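The values are calculated or read from the model by the stated rules, or taken from the named source; none is laboratory data. Because the structure is predicted, anything quoted here is derived from the model rather than measured. Ideal geometry is used to build each Cβ from the backbone, glycine not excepted, and the neighbour counts take in all protein chains shown.
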Amino acid sequence: MNCDRCRQAIIQGEEEHFHGQVLCEDCHMDAFSPSRTCDPWAVRSAMHCKDSDGVTAVNAVQARLLEILQETGGAGLDVLSERLGGKPADVQREIAALRHMEKVRGAMQDGKKVFRLW
């Protein structure tokens, strides 16, 4: 049996069902709890979690994501996923956290949605 989203093989008995789809555990988590980029409470929390210098700590993946955006001047989710070597849903979750910290923002470039530094 294969996941209806990512097409990866699922071991019998470990499949999850969500709105008529058969999903692996990772895709089920992504479907059940999607990342939310527009969350005023998350932004407020991120703004109050700064250190004494006014800097919000980022993890290694977020730091690399910021480096890529610095190098490219802005990139789409597909490019960021490829460069980071991660699934788009995982990258989007990191982007959501960076948006809450007001380090990354979305923009339209040549008719496509891209992410840029704040």
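A few remarks follow.
- Of the criteria (1) of a type outside the set (A, V, I, L, M); (2) surrounded by fewer than 16 Cβ atoms within 10 Å (Cβ to Cβ); (3) modelled with pLDDT of 85 or more, which one Lys103 fails: (2)
- Looking only at region 84-118, and only at residues there that are touching a strand residue (DSSP E or B) at 6+ places or on another chain (Cβ under 8 Å) and basic (Lys, Arg), the one that is nearest to Glu71 (Cα to Cα): Arg116
- Test for Glu71: is it of a type in the set (Asp, Glu), loosely packed, with under 15 Cβ neighbours inside 10 Å and modelled with pLDDT of 85 or more: yes
- Every pair of residues 6+ apart whose Cβ atoms lie under 7 Å, when the first sits in region 78-93 and is without any contact (Cβ under 8 Å) to a residue 60 or more places away in the chain while the second is not in a helix (DSSP H, G or I): Leu80/Phe115; Ser81/Lys87; Gln92/Ser35; Arg93/Ser35
- Where a residue in region 95-118 is more than 15 Å from Val79 (Cα to Cα) and its partner, wherever it lies, is part of a loop (DSSP other than H, G, I, E, B) and hydroxyl-bearing (Ser, Thr, Tyr), with Cβ under 9 Å and at least six apart: Ala96/Ser35; Ala96/Thr37; Ala97/Ser35; Arg99/Thr37; His100/Thr37; Met101/Thr56; Glu102/Thr56; Lys103/Thr56
- Within region 1-51, being modelled with pLDDT of 70 or more, charged (D, E, K, R) and touching a His at 6+ places or on another chain (Cβ under 8 Å) holds for one residue alone: Glu16.
- Whichever residue in region 74-85 is surrounded by 16 or more Cβ atoms within 10 Å (Cβ to Cβ) and touching a Pro at 6+ places or on another chain (Cβ under 9 Å) and, among such residues, is farthest from Asp110 (Cα to Cα): Ser81
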